[in-house]
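> What follows is a single structure, and I will ask about it in a moment.
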Amino acid sequence: MVTYSAPGKIFLFGEHAVVYGESAIACAIDLRARVTVQKHSEVLITSELGKGKDRHPYVSKAIEKIGEPIRLDGARVTIDSEIPIGTGLGSSAAITIATLAAMNEEFSAGLGKDEMAEMGYSVEKDVQGAASPTDTYVSTMGGVVLMPDGRRLRNLDCEIVVGNTGKISSTKELVQQVRALKDKHPETTQPIFRSIGNLARKGEVLVEKGDYSAIGELMDINQGLLESLGVGCAELSTLIYAARGAGALGAKLTGAGGGGCMVALVDKTHVKGVASAIESVGGVAIKTKITEIGVRRE
Ligand code: PMV
């Protein structure tokens, strides 16, 4: 029996545009999914969502993919996650990667980290229809990562406050919605994707310099561009304005949008104030940090 954990993530810059090959910066955060795997005669999956393969499409697909070359009979898989589900914090990727890592060890499948990240990406694509490799890559490697090339950047010496709207949104539907907008208005949306990519490339320089107030300004600009792609919503804006009003350096939605979570970059002295501002307008605040630790054995 073996347990592995993997982190969730936030996007500092670049969601949606990264689907079309633009640059993005994503960061692993200190909220983890833990998966325990034990040899068994059949596949049994249990989590807070209940039991069974249907409730756990990512885990089922991960077991199928890693299990095929080793002719797996079954496994008992138990999931325990601190990452809220369906809110843009990469919970499905973290669970997928922790499952692959635990299966890899329990059944001596011999995969390296890069292969696990790659397999995790193909699990997400199969289950969701469309995905970028961001969530699975960052969850595997940890830290601050420039996508799509996977370059590791300096860790941010700054706090992160996440605000959850409590409104569940579907990444698959939002990615399809943005694709439809892109197909309908290519000449208008193309420069928006390019501008988002430019924010991530400029962000890379600022992260290396540790210029957090400039990073915050660019996050605010990124939010405006995401709004123009139609992935904002009133609930997200309420939390974003509350966080900015309480002194956040920058605030934007993170992940697919349409609900889910926003993220604020905050210096140490403003963490409490930003978290209570988010809560005062009906959000659930999560104070967290960026973690360098990707998937690991527990
Ligand atoms: O909602 P999340 O955390 O899976 O993030 C989605 C980010 C998108 O750029 C919209 C899609 C992707 O796979 O990169």
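The values are calculated or read from the model by the stated rules, or taken from the named source; none is laboratory data. Keep in mind it's a predicted model, so treat the numbers as computed, not measured. Using ideal geometry, Cβ is built from the backbone for each residue, glycine included, and neighbour counts are taken over all protein chains shown. Note: accessible area is taken over every heavy atom of the protein model, side chains too, but ligands, DNA and RNA are not part of it. Shrake-Rupley method; radii C 1.70, N 1.55, O 1.52, S 1.80 Å.
> Against the conditions (1) touching a Ser or Thr at 6+ places or on another chain (Cβ under 9 Å); (2) away from the ligand (no atom under 16 Å from the Cβ), where does PRO191 fall short? Just the number, please.
All conditions pass for PRO191, except number (1).
> Of all the strands (runs of 3 or more DSSP E) wholly in region 1-95, which have at least 3 residues that are touching an Asp or Glu at 6+ places or on another chain (Cβ under 8 Å) and open to solvent by 50 Å² or more (accessible area, probe 1.4 Å)? Before the answer, list the steps.
On the way: elements: 2-13, 24-39, 43-47, 75-81.
Hits in region 1-95: 24-39.
> Being in contact (Cβ under 8 Å) with a residue 40 or more places away in the chain, crowded, with 20+ Cβ neighbours inside 10 Å, farther than 23 Å from SER91 by Cβ and of a type outside the set (S, T, N, Q), is that true of even one residue in region 253-260?
No, there is no match, as no residue in region 253-260 is in contact (Cβ under 8 Å) with a residue 40 or more places away in the chain, crowded, with 20+ Cβ neighbours inside 10 Å, farther than 23 Å from SER91 by Cβ and of a type outside the set (S, T, N, Q).
> Looking at (1) over 22 Å from LEU153 (Cα atoms); (2) of a type outside the set (A, V, I, L, M); (3) within 16 Å of the ligand (Cβ to nearest atom), can you tell me which one GLY52 breaks?
Only one criterion in (1) over 22 Å from LEU153 (Cα atoms); (2) of a type outside the set (A, V, I, L, M); (3) within 16 Å of the ligand (Cβ to nearest atom) is unmet by GLY52, namely (3).
> Take MET116 and tell me if it is modelled with pLDDT of 95 or more, part of a helix (DSSP H, G or I), open to solvent by 10 Å² or more (accessible area, probe 1.4 Å) and not assigned by TED's automatic domain parsing to the domain that holds ALA200.
yes
> Could you give me the residue pairs with C-beta distances under 7 Å whose first residue belongs to region 287-298 and is in contact (Cβ under 8 Å) with a residue 24 or more places away in the chain, whose second residue is surrounded by 15 or more Cβ atoms within 10 Å (Cβ to Cβ) and part of a loop (DSSP other than H, G, I, E, B) wherever it lies, and which are 6+ apart or on separate chains?
ILE290/ASN155; ILE290/LEU156; THR291/GLY142; GLU292/GLY142; GLU292/GLY143; GLU292/ASN155; ILE293/GLY142; GLY294/GLY142
> Filter region 200-216 for residues that are surrounded by fewer than 17 Cβ atoms within 10 Å (Cβ to Cβ) and in contact (Cβ under 8 Å) with a residue 24 or more places away in the chain and give the result.
ARG201, GLU208, GLY210, SER213 - these are the residues of region 200-216 that are surrounded by fewer than 17 Cβ atoms within 10 Å (Cβ to Cβ) and in contact (Cβ under 8 Å) with a residue 24 or more places away in the chain.
> Quick one: would you say VAL43 is away from the ligand (no atom under 16 Å from the Cβ), β-branched (Val, Ile, Thr) and modelled with pLDDT under 95?
Working: away from the ligand (no atom under 16 Å from the Cβ): yes; β-branched (Val, Ile, Thr): yes; modelled with pLDDT under 95: yes.
Yes.
> Which residue pairs have Cβ atoms closer than 9 Å, lie 6 or more positions apart in sequence or on different chains, and pair a first residue in region 217-235 that is touching a residue at least 24 places away in the same chain (Cβ under 8 Å) with a second residue that is outside any helix (DSSP H, G or I) and surrounded by fewer than 17 Cβ atoms within 10 Å (Cβ to Cβ)?
Matching pairs, first to second residue: CYS233/LYS167; GLU235/GLY166; GLU235/LYS167; GLU235/GLY282.
> Quick one: how many residues across region 73-97 are of a type outside the set (S, T, N, Q) and either more than 24 Å from GLU48 (Cβ to Cβ) or more than 16 Å from the ligand (Cβ to nearest atom) (or both)?
So the answer is 7.
> Just the residues that are more than 16 Å from the ligand (Cβ to nearest atom) and surrounded by 14 or more Cβ atoms within 10 Å (Cβ to Cβ), please, taken from region 145-186.
Result: LEU153, ASN155, LEU156, CYS158, GLU159, VAL161.
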